[in-house]
Amino acid sequence: MDHLSKKYLRPRKIPSSACSGCGLGINHKALMQAIYELGLEVEDIVWGTSIGCAGRQTFGTWKGDGFAGTHGRVYAIARGLRLALPPEKKIILTVGDGDAFGIGLLHLIHAARSNADLTIVVNDNLGYMSTGGQYGWTTPQGTKSDSSPYGMYEHNMVSDGMDILGVLKHAGATFLARHVSMDGPRAVESIKKGIANRGLSLIHIVYPCPTNVGSRELGTRDAVTIYNWIKNQAAPIGQERSDTLWATGVYHDASNSRPEFSESIRQHIGSIRRQRLHENKI
Amino acid sequence: MKRYLETGNFAVTEGAILAGCRFFAGYPITPATELAEAMAYRMPQVDGIYIQGEDECAALHLCIGAALGGYKVMTATSGPGYILYADPYGWAIGCEIPLVILNSGRVGPVSGITGAPGQGEFYMTRYPTQGGNFETIVLAPNSAQEAMAMTVEAFYLAERFRTPVTILADQLVTDGFEDISVPETEEEMKAMGFRTWPRGIHRGPVFYPATDEIDIPPVVLGHNTGALCSDWTPTEEGYDTEEVVAHHKHAYRLIFKVRNHRDLFSHLYEKTFMDDDPDLVVVSFGTPSRVVNTAVKKAREKGLKVGALRLIHLWPFPDELFKKKTTYLSVELNWDGQLVREVRRAVPKDAEVHFVGSCGDLPAVAELLEAFGKLLKGQPLARKGWELEEW
């Protein structure tokens, strides 16, 4: 175990039960590095996770308090918790693409609307992989999976001209970034900005799944093959090529530009109570 | 003590505040909307939070989040919203999160008739989520005043049992205007029989002991106790596991923590003319029980030996009240007969059990009296097509 694991993670859960060659650990480590560089301690953060590979593999890894919500609803739970916790407590959620962009999209949009102070790291393995590999809402068109044996033919969130981050931007999210696992320090910097924003931050990180995506789409479970497949289709924003699927970097940064959810509610209640005090009703 | 001419929704709001509820997440739905409105008005006055969810599923999840942060929480809905609770309800049962839900029954299935009373969720409150392996606690008031009392009681039971409690009301209980007395001091609350239980914080490390123990404070996050809760089967420390033995221990806890402490709510029923072993026992809950009580009183005036048994705690089902071998009649606000099935299961083998249903409207006293008379003479309550041929 490295110093980050020793400081922040539970030995019982690390290493996780992820498949050989899974890229989730790289995302997890980037997140730990960001937390470390911000000088945050175990007691500063409450950790939430969802269902699926990303949720289950990261649940209970954080040394501090943690929860795993029902599939797609973790954003609503986290908003309720946000109202109950003191503002200085950070809430970090590690979730999957199906959870955030499929079953939980309604709740995610409302979390963005309310600008709740949550940092959401969407670990995107390009579909539903813990159930054996079915296509999801970020599976590139044409990709073969167990539920798209002839190639995924639907429009989805990475089709030309469509972007889930655009949806979330217009829903009111105040920090949005996209990366792939191989982005290393660039991803760490984005996560740091996300955690520092007092509002809704979402960092979308695509990671390789050799077991399902590799075997069905690329015909091999060799980890290096799918790492290269993802890396070659990613490029920093502004340096995209014609075959770039994932433009990486900060997509939208309006950090601390509008009132945070729990803060506004507290202020609202405070003003009602002051008014009543003024009218001698309390 | 302050008296009001107000609705059941008002009474529930005041009851929740008396019980210490300071977080309400709602979603507009007839006939529970006025409860959300009353909460939106009252919560900020008592330093509480009212919030509207994007749907009922989100509303209950918001409640769960706030409960995990230490709040006493509540939400309210009607049948079409209650089904959307299936997801969070199970999570709250599994993670043993105390919270209170009010379901104001209307006419179903689906949206049905929005502004009329129904009792179609008798079984649904027993199995509000999938998976089984749990007991639920359900209370059913029949008046605005009792709705307030049962709200206070629901919070008390939710805390002690560390589980969600449903108050199954109906449109007439929540919408009806009645004379309501709201206690203003702790002494007045005690005098009215209101019990409260404080919110505790569990400091771990064993959050899910394989015992039927109650009075264990619930998991509260944010105190850096290393608390863990999830939707998966937990180990005793809260880690997710696929072990069937761990699951067996957890299921034992979820079932028997309730079954083994039923004495805490087994007094919640009402008996009318039941002291002389009546030849006919009329069973009901909620608003129909008020018609039943009137009908039974009139029957007694006519010399018919009829008694009424009203259930206030519906689940776990009070089997012990059905030991007598006599004739039973279940009066319910649905046409399919739900309570009657449970009565049939609970009564002695050769006891007769009958059913009179209605939905959207209460049965008339005269109709019930006719039914009593027939049953006591051993005549059938026949039915032809959708119309009752005779009672």
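Each reported figure results from applying straightforward, stated rules to the coordinates on display, with no laboratory input. Computed from a predicted structure; not experimentally measured. FYI the Cβ positions are ideal-geometry reconstructions off the backbone, even for glycines, and counts take in every protein chain you see.
Descriptive notes on the structure:
- 12 Å beta-carbon shell around B:ASP175, net charge (K/R +1, D/E -1): -3
- Chain A: angle of helix A:74-84 to the longest principal axis, Cα-based, in degrees nearest 10: 20 degrees
- Spatial offset of the range B:316-337 relative to the range B:118-167 amounts to 18 Å, using the alpha carbon center of each.
- Between the range A:47-105 and the range A:237-282, the alpha-carbon center distance in angstrom: 19 Å
- GNM remark for chain B: springs join alpha carbons under 10 Å apart, and the peak mean-square fluctuation among B:TYR239, B:TYR127, B:TYR269 falls on B:TYR239.
- Rounded to 5, percent antiparallel among DSSP beta bridges of the protein assembly as shown: 25 percent
- Per-residue Karplus couplings for the range B:73-89, computed as 6.51 cos²θ - 1.76 cosθ + 1.60 with θ equal to phi - 60°, are listed in order as 10, 8, 9, 8, 6, 10, x, x, x, 4, 5, 6, 7, 3, 5, x, 4 Hz, Gly and Pro entered as x.
- Once exposed loop GluC sites (Glu not before Pro) are cut out (DSSP; at most 13 other Cβ, 10 Å), longest piece of chain A: A:155-278
- Electrostatic bookkeeping for B:THR294 treats Lys and Arg as +1 and Asp and Glu as -1; over the other residues with beta carbon under 15 Å from its beta carbon, the sum is +2.
- If you wrap the tightest convex hull around every Cα atom of the range A:209-257 and split its volume per residue, you get 99 Å³.
- Cysteines having no other Cys beta carbon under 4.7 Å from their own, within chain B: B:CYS21, B:CYS57, B:CYS63, B:CYS359
- Here the range A:3-278 is treated as a sphere whose radius is the Kirkwood value from Cα pairs; by Stokes-Einstein at 37 °C and 0.692 mPa s it diffuses with a coefficient of 174 µm²/s.
- For B:LEU99, the amide hydrogen comes within under 5 Å of the amide hydrogens of B:THR163, B:VAL165, counting only partners 5 or more places away or on other chains and with H modelled in the peptide plane.
- Relative contact order [Cα under 8 Å, 6+ residues apart], the range B:269-376, whole percent: 32 percent
- Helix-only mean residue ellipticity at 222 nm for the protein assembly as shown, each DSSP H run of n ≥ 4 adding -39500 (n - 2.57), per residue, nearest 500: -10000 deg cm²/dmol
- Remark on A:ASP124: its backbone amide H falls under 5 Å from those of A:ILE205, A:VAL206, A:TYR207, a criterion applied only to residues 5 or more positions apart or on other chains, H modelled at 1.01 Å from N.
- With a cut-off of 12 Å between beta carbons, the residues surrounding B:ASN133 carry a summed charge of +1, where Lys and Arg count +1 and Asp and Glu -1.
- When you work out D = kT/(6 pi eta Rh) for the range B:269-376 at 20 °C and 1.002 mPa s, using the Kirkwood radius from C-alpha pairs as Rh and the Stokes-Einstein form, the result is 158 µm²/s.
- Each principal axis of the Cα cloud of the range B:2-191 was evaluated for its coordinate range; sorted largest first, these ranges are 44, 37, 28 Å.
- Of the trypsin sites (Lys or Arg not before Pro) found in the range B:230-311, the ones in coil according to DSSP and having at most 14 other Cβ atoms within 10 Å of their Cβ are B:LYS302.
- Debye intensity ratio in log₁₀ form over the Cα atoms of the range A:159-278, taken at each q of 0.10, 0.12, 0.20 Å⁻¹: -0.44, -0.57, -1.09
- Shape index of the protein assembly as shown: Rg/Rh, with Rg the Cα radius of gyration and Rh the Kirkwood radius from the inverse mean 1/r over Cα pairs, equals 1.04.
- For the protein assembly as shown, the residue among B:LEU381, A:ILE35, A:GLY127 whose Cα projects farthest onto the positive side of the dipole built from Cβ charges is A:ILE35.
- Relative to the longest principal axis of the Cα atoms of chain A, helix A:261-278 runs at roughly 10 degrees.
- Distance-filtered residues of the range A:53-75 - backbone nitrogen under 15 Å, label point 7 angstrom along A:ILE14 Cα→Cβ: A:57-65
- The distance separating the Cα centre of the range A:206-232 from that of the range B:57-83 comes to 41 Å.
- What the pair-distance distribution of chain B shows, using all Cα-Cα distances binned every 20 Å from zero, is 28, 56, 16, 0 percent.
- Helix B:244-259 and the long axis of chain B differ in direction by around 50°, with both axes built from C-alpha atoms.
- Neighbour cut-off at most 15 other Cβ (10 Å), DSSP loop, GluC sites (Glu not before Pro), the range B:144-201: B:GLU184
- The antiparallel fraction among DSSP beta bridges confined to the range B:2-191 stands at about 30%.
- Relative contact order of the range A:3-278, pairs being alpha-carbon contacts under 8 Å that are 6 or more residues apart, as %: 18 percent
- Equivalent ellipsoid semi-axes - Cα gyration tensor, the range A:1-148, angstrom: 25, 20, 12
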